[in-house]
1. Are there any pairs, at least 6 apart or on different chains, whose C-beta atoms fall under 9 Å, with the first in the stretch 54-71 and at positive phi and the second in a helix (DSSP H, G or I) and surrounded by 10 or more Cβ atoms within 10 Å (Cβ to Cβ), and if so, which?
2. So which residues in the stretch 49-68 are surrounded by 10 or more Cβ atoms within 10 Å (Cβ to Cβ) and either within 21 Å of residue 89 (Cβ to Cβ) or at pLDDT below 90 (or both), if there are any at all?
3. Could you please find all residues in the stretch 77-103 being more than 30 Å from the chain's Cα centre (by Cα) and not in a helix (DSSP H, G or I)?
């Protein structure tokens, strides 16, 4: 065998057993993919027609209000639906906290 042929054989030779070193990483990636939230954890907000129908059947204090909000740190708007009473209570609470902070 010539010297160049021997060098080419050494360069192209792969060490045996190296492909098993990535097995723990592959297993971890598969497990994380199975645990990550997917379609099963997603809860769809009601459509405007569903909200209108619901609000027509309940008392005024139990009505739902839906808004599109942009969460802090994101540019993607998210539709949030909450009870009107909860929105009013949260607004009153935040106003009181602001008054306390400004005293």
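The values are calculated or read from the model by the stated rules, or taken from the named source; none is laboratory data. Values in this document were obtained by computation on a predicted structure and should not be read as measured data. Please note: Cβ atoms are built from the backbone with ideal geometry, for glycine as well, and neighbour counts cover all protein chains shown.
1. none
2. Pass one, the stretch 49-68, residues surrounded by 10 or more Cβ atoms within 10 Å (Cβ to Cβ): 50-55, 58, 62-67.
Scanning the stretch 49-68 gives 51, 54, 55, 58, 62, 63, 64, 65, 66, 67.
3. 103
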